[in-house]
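A.B. asks: Just dropping this structure here.
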Amino acid sequence: MIWATLKSLLSRKLRLVLSGLAVVLGVMFVSGAFVLTDTLQRSFDSLFADVYSNTNVQVNQKSKLGEAYDGEDGAGDGIAPDVVTKVAAVSGVASARGDVGSDGARMIGPNGKVVTTWGPPRLGSNWTGEDGLTKLRDGRGPQNADEIVINGTLAKETGYKVGQQASVLTLQPKRTFTIVGIAEYSGGRDSLGGELQIYFHESVAAELMLGKPNVFSSIDVKVAPGSSDETVRDNVRAALGGDYDVKTGKQLTADANKESKEGLGFFNNILLGFAGVALFVGTFLILNTFSIIVAQRTRELALMRAIGASRRQMITSVMVEALAVGLLASIIGLAAGIGAGAGLAKLFSSLGSDSLRIESIGVPPAAIIASFVVGMLVTLVAALLPAVRASRIAPVAAMQEAATPDRPLTKITIVGAVVGAIGGTLLGLGLNNGTLMLILGGVLISFIGVALLTPMLARPVVAVIGRLFSWSVPGKLGRLNSGRNPRRTAITAAALMVGIALITGVNTILASADKSLHGFAEKQVKADLFVSGDQMSERPPTFDPAVVDKIDALPGVSSVSAEYWDAAQVNGDDRGVVAVTDLGAMANMVGMKPASGSLGKLGPEQAVIDEENAKEQGLTVGSTVPAQFARGGPHTLTIVGIYAKNEVMRGYILSPSVIPDMRIPQPSMAYLTVADGTPIGDVRKQVDALLVDSPEVSVASTEEFVDGQVAQFDTVLLMVQILLALAVLIAVLGIVNTLALSVLERTRELGLLRAIGLGRAQTMRMVTVEAVVISVFGALLGVAVGTGLGAAVVKALADDGIKEFALPWSAMGTYLALGAVIGVIAAVAPAIRAARTNVLTAIAYE
């Protein structure tokens, strides 16, 4: 029986290749994700080992916001010089040096724009001279406050050379420096990990990067010969007490590696999620392939039953075929994934200038195990139903026909309705509770339910779609062929439905968010102009606080309020808070209404809060709450107002008296209104002139500001479309496979059609129409299901501000058109094969 199965498999190797390709692509995604993240993790491990290679012990100030913020920029008031002196006197310390280092040194390039980066920080440090890690490639170190050294990456990005002048934004307004040196790192690298680094003279570094003169962000400790790093660490820790975080270089490396591993783990899970979608789609392809093959082998299988093969042997026969396909596809998919992972790692590195030294490609055990487990399991599960069907073939009755008759759809429709209802219920519960696993499970089960219901829809919907092509004989034949086997058509279309549904769902959510934001702006926002920038890193673009006062003094400006954002501990919890310069003006501009108390200009240590948070925390007007910011001592805030639910503002809004204790004491946004009768354009030009030294920010109208916020959705949508393109590709393979097997199944029929006058071109049109009808049916299902999923999510997000429902009509039309194009592409090979059918051979087939 095994030998017969293998012979049968070899005789149909071409038709099994396409189904195997689905597994290959899915496994490639899975193994590629593991290979990529493993390679990047080892690269980051090497990076952090280099960063701390010359560090024996390092002292950092603990954050006043708790352990979660330790080591972040602006964590604390800075380390005073006398602490450095104290550390230098500790037993076992050879030397102690104060270092300044913080993100936020933004160089302005020759084009007048700030040099940006996607991911790596823009660091500003004090120049402490050359060491084993940092060397001067050209020039010298800064000798006065107006000189800087830049690293090789920044030099390449800007084209600046030694002797030229460049402007830099820090915690102070734009300042111009002379570049006196270009730095490189061990091994001749331009950077360690793509960072843009500026080294200032020690006399100004702290004031520019930390906001206070004569302080440090860390202390670098060199251990004396004969002393261990751990012993010195303990000695320093005992001398300084609990306000400082003291660690060895090994500990710092381990902490950095752990943090990068968590980030890469999240990235890996996203890739695996899309791989799961691809494999889910591939399941439909494999199921359809084995179903068609079993149907085509009805007579062969019946003969095997007649000569003594048991039902168990029949199931084993089909499952052995599936196992062979899954094993081979897993091997090929693993190899392809290794190549894809290597390519993506190289691409990741090339996104920046010499951004990250990529380690040699390795294949982690997880990639191998996942490839074979996933690849073979998916294939076996998909083949199980056709295998059971093969075992039920009656030896005598089946020998009288070449194929099994179509079966009633009642049972599968009932099951589909039940499964769909379960999936919808889980999805609803997940959206209401915010439980990710319930949401994912609900979506998966809903897709299965829709797939089971699809055969019931196939005949009527395909008949309607097919009428668009029924103006010719080939069109009529193609329409009839696509509807003759609703189960087969449904499974083929369902594969395409999954990818299109997910893309349409995301599009629907983003379109609704777009409409909601514009609706809020139109109904609530009364500001005429906004000053802000696009946030491209963890640090928001900021501008000089003096600009706010200058805007307020402009003729024609009736009101202005600036917004400062930071993290803080308020009333015992970590929260994001906003300080505003004029709450009364802002309340009018964003439609805030008082529920109790007042929303006038806030005095020192005063705050307001929204009514939902006030209720949760048991606060009323007159309540006091403790607050701690990244800098300074504790505050006691008095609640002077509670505002009604607002779509723009939420949470604590604080007095400007707390701004000096924020990590970034600069505004990230400003709102302003123009007096009646004053042309907005005239005021805009004047505000633009005031922002000449702040190239990261610009002034925009309300419509432009909202459009800028919405534009971020386009990036999300593009990423989703790229990642789901693999699922659509597998769906295309499914249509190709179904048509190829269908053409083979109808060999005699095609011969008869050719014999009575159907030309080759007409035969190709007939097959193409069949493919287009199936793919458009799948796209139509995807658009419908995706719209439903999107609507459910939008409804669940109503409390988060997405209250308007919108359909992405242009995108939906594009996806339906894409379905037709997919059908044409998928039909090429099967149509050519059908057209080349030899008439006499085909008539004699079977």
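The values are calculated or read from the model by the stated rules, or taken from the named source; none is laboratory data. This is a predicted model, so every value here is computed, not measured. Every residue, glycine as well, gets a Cβ built from its backbone with ideal geometry; the counts of neighbours run over all protein chains shown.
A.B. asks: Which of (1) in a helix (DSSP H, G or I); (2) surrounded by fewer than 23 Cβ atoms within 10 Å (Cβ to Cβ) is the odd one out, the single condition THR508 does not satisfy?
C.D. replies: (2)
A.B. asks: Specify which of the listed residues (VAL498, VAL531) is among the β-branched types (Val, Ile, Thr), surrounded by 22 or more Cβ atoms within 10 Å (Cβ to Cβ) and under 29 Å from PRO656 (Cβ atoms).
C.D. replies: After ruling out the rest, the residue left standing is VAL531.
A.B. asks: Suppose we filter ALA587, ALA562 for residues that are touching a Phe, Trp or Tyr at 6+ places or on another chain (Cβ under 9 Å), assigned to a helix (DSSP H, G or I) and small (Gly, Ala, Ser); which single one remains?
C.D. replies: After applying the criteria, what remains is ALA587.
A.B. asks: Can you name the condition, by its number, that ASN269 falls short on among (1) outside the structural domain of ASP82 (by TED's automatic domain parsing); (2) closer than 26 Å to ALA94 by Cβ?
C.D. replies: Result: ASN269 passes all but (2).
A.B. asks: What's the total number of residues in region 469-482 that are within 16 Å of ALA458 (Cβ to Cβ) and in contact (Cβ under 8 Å) with a residue 60 or more places away in the chain?
C.D. replies: The total comes to 4.
A.B. asks: Among the residues that make up region 218-236, is at least one of them within 30 Å of ILE108 (Cα to Cα) and without any contact (Cβ under 8 Å) to a residue 24 or more places away in the chain?
C.D. replies: Checking region 218-236: not a single residue is within 30 Å of ILE108 (Cα to Cα) and without any contact (Cβ under 8 Å) to a residue 24 or more places away in the chain.
A.B. asks: If the requirement is being under 30 Å from GLY78 (Cβ atoms) and surrounded by 15 or more Cβ atoms within 10 Å (Cβ to Cβ), which of these qualifies: GLY241, GLY249?
C.D. replies: Of the residues listed, the single one that is under 30 Å from GLY78 (Cβ atoms) and surrounded by 15 or more Cβ atoms within 10 Å (Cβ to Cβ) is GLY249.
A.B. asks: Which of the residues that make up region 397-442 are part of a helix (DSSP H, G or I) and at pLDDT below 75?
C.D. replies: ALA397, ALA398, LEU436
A.B. asks: Further question: Identify all residues within region 135-162 that are among the aliphatic types (A, V, I, L, M) and either touching a strand residue (DSSP E or B) at 6+ places or on another chain (Cβ under 7 Å) or buried (at least 17 other Cβ atoms within 10 Å of the Cβ) (or both); write none if there are none.
C.D. replies: LEU136, ILE148, VAL149, ILE150, LEU154, ALA155, VAL162 - these are the residues of region 135-162 that are among the aliphatic types (A, V, I, L, M) and either touching a strand residue (DSSP E or B) at 6+ places or on another chain (Cβ under 7 Å) or buried (at least 17 other Cβ atoms within 10 Å of the Cβ) (or both).
A.B. asks: OK, next. Only one residue in LYS250, LYS222 is closer than 16 Å to GLY98 by Cβ and at pLDDT below 95, so which one is that?
C.D. replies: That would be LYS222, the only listed residue that is closer than 16 Å to GLY98 by Cβ and at pLDDT below 95.
A.B. asks: Would it be correct to say that VAL580 is closer than 16 Å to ILE639 by Cα and among the hydrophobic types (A, V, I, L, M, F, W, C)?
C.D. replies: Yes.
A.B. asks: Among ILE659, ILE642, which is in contact with a strand residue (DSSP E or B) (Cβ under 6 Å, 6 or more places away or on another chain), closer than 19 Å to PRO540 by Cα, among the β-branched types (Val, Ile, Thr) and in contact (Cβ under 8 Å) with a residue 12 or more places away in the chain?
C.D. replies: ILE659
A.B. asks: Report, by residue number, each residue of region 264-279 that is surrounded by fewer than 16 Cβ atoms within 10 Å (Cβ to Cβ) and of a type in the set (Val, Ile, Thr).
C.D. replies: ILE270
A.B. asks: Which residues, taken from region 553-585, are farther than 24 Å from ARG631 by Cα and in contact (Cβ under 8 Å) with a residue 60 or more places away in the chain?
C.D. replies: LEU554, PRO555, GLY556, VAL557, SER558, SER559, VAL560, ALA585
A.B. asks: Scan region 746-764 and report the pairs whose first residue is under 22 Å from ALA826 (Cα atoms) and part of a helix (DSSP H, G or I) and whose second residue is charged (D, E, K, R) and at pLDDT below 70, with Cβ atoms within less than 8 Å and a gap of 6+ or a chain change.
C.D. replies: Pairs found: THR747/GLU846.
A.B. asks: Quick check on region 516-537: of everything there that is part of a loop (DSSP other than H, G, I, E, B) and within 26 Å of the chain's Cα centre (by Cα), which residue is nearest to VAL687 (Cα to Cα)?
C.D. replies: Out of the qualifying residues, it is GLY533.
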